[in-house]
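First comes the structure, then the notes that go with it.
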Amino acid sequence: ERAAELKDEKLYGQGHERAEGDFCPLCLLAIPLPMDNRSTIRVCCMKLVCDGCCLAASKGGLGNNCPFCHTPSEESDRKSLQMIRKRVAAKDPEGIAYLGDLYYHGVGGLDRDMPRGIELWSEAAELGSDNALFNLGVAYYHGLGAVQDRAKGIRSWEKAAMKGDARSRHNLGKVELTMANSTVQCGTT
């Protein structure tokens with residue numbers, strides 16, 4: 001019982017700050033949730049840039065070039081994939097996780113290969129990607145492209161939540177609610 005208390009203390013005592021990747025690298029402001037609707041991932045440098053900075057850079061004369069590293073945007077999937085693979089070769093955890101997304105969903109000029117996507121997410125998670133941990137949690141918890149293993153999914157979300165991933169913390173809350181666990185109450189840790 002004490003071990004469970006210590007685990008809860010660690011889980012609920014960490015990760016209350018937004019993760020580093022949740023902030024625009026230009027204006028340094030937190031990107032509002034849901035971040036997918038308010039930012040763009042730049043495949044040249046794997047930076048998530050807020051829409052405001054993208055607009056300001058465009059109006060400031062950069063056009064569609066990356067506002068962070070000024071690399072010209074690639075319009076073709078093939079050229080974008082080359083940039084992503086360069087980031088993967090450099091062992092960039094977010095580049096690896098992004099390539100995993102492309103394989104898992106079959107987008108960006110790649111055929112859908114969910115096992116390959118999960119393999120890449122696992123590699124990225126080992127290198128510290130909280131996004132990969134979140135995606136692994138979804139895949140394992142719901143059995144999407146992997147054998148369903150709810151405990152493994154929850155562990156992935158817990159690791160990501162302790163690093164500040166709001167989506168993982170949200171999913172853990174949904175699991176707690178579903179399990180009707182009365183030991184965790186809103187507003188208390």
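Of everything in the range 106-150 that is of a type in the set (Val, Ile, Thr) and over 20 Å from Arg87 (Cα atoms), the residue that is farthest from the chain's Cα centre (by Cα) is Val147. Here Gly117 fits the description: part of a helix (DSSP H, G or I) and open to solvent by less than 70 Å² (accessible area, probe 1.4 Å). Test Ser122 against the criterion of being open to solvent by 20 Å² or more (accessible area, probe 1.4 Å), closer than 29 Å to Glu17 by Cβ, in a helix (DSSP H, G or I) and polar (S, T, N, Q), and give yes or no. Considered against the rule, which asks whether it is open to solvent by 20 Å² or more (accessible area, probe 1.4 Å), closer than 29 Å to Glu17 by Cβ, in a helix (DSSP H, G or I) and polar (S, T, N, Q), Ser122 comes out as yes. Each residue in the range 8-37 was checked for being surrounded by 14 or more Cβ atoms within 10 Å (Cβ to Cβ) and either of a type in the set (Lys, Arg) or at positive phi (or both), and 2 pass. Cβ separations smaller than 7 Å between residues 6+ apart or across chains give the following pairs from the range 174-185 residues that are more than 13 Å from Ile154 (Cα to Cα) to residues that are at pLDDT 85 or above: Val184/Glu176. Just checking, does the range 51-63 include any residue being farther than 16 Å from Val107 by Cβ, part of a helix (DSSP H, G or I) and in contact with a Ser or Thr (Cβ under 8 Å, 6 or more places away or on another chain)? Yes, the conditions are met somewhere in the range 51-63. Of Thr40, Thr71, all but one fail to be surrounded by 13 or more Cβ atoms within 10 Å (Cβ to Cβ), in contact (Cβ under 8 Å) with a residue 24 or more places away in the chain and within 22 Å of Ser129 (Cβ to Cβ); the exception is Thr71. Here is the figure for the range 147-189: residues that are part of a loop (DSSP other than H, G, I, E, B), modelled with pLDDT under 95 and surrounded by 14 or more Cβ atoms within 10 Å (Cβ to Cβ) total 4. Under the condition of being hydrophobic (A, V, I, L, M, F, W, C) and either without any contact (Cβ under 8 Å) to a residue 12 or more places away in the chain or more than 18 Å from Leu144 (Cβ to Cβ) (or both), the residues counted in the range 100-119 number 1.
The values are calculated or read from the model by the stated rules, or taken from the named source; none is laboratory data. Here the structure is a predicted model, which is why all the values come from computation and not from measurement. Positions of Cβ are backbone-derived with ideal geometry, glycine not excepted, and every protein chain shown enters the neighbour counts. These area figures cover heavy atoms from the full protein model, side chains too; ligands, DNA and RNA do not enter into them. Shrake-Rupley method; radii C 1.70, N 1.55, O 1.52, S 1.80 Å.
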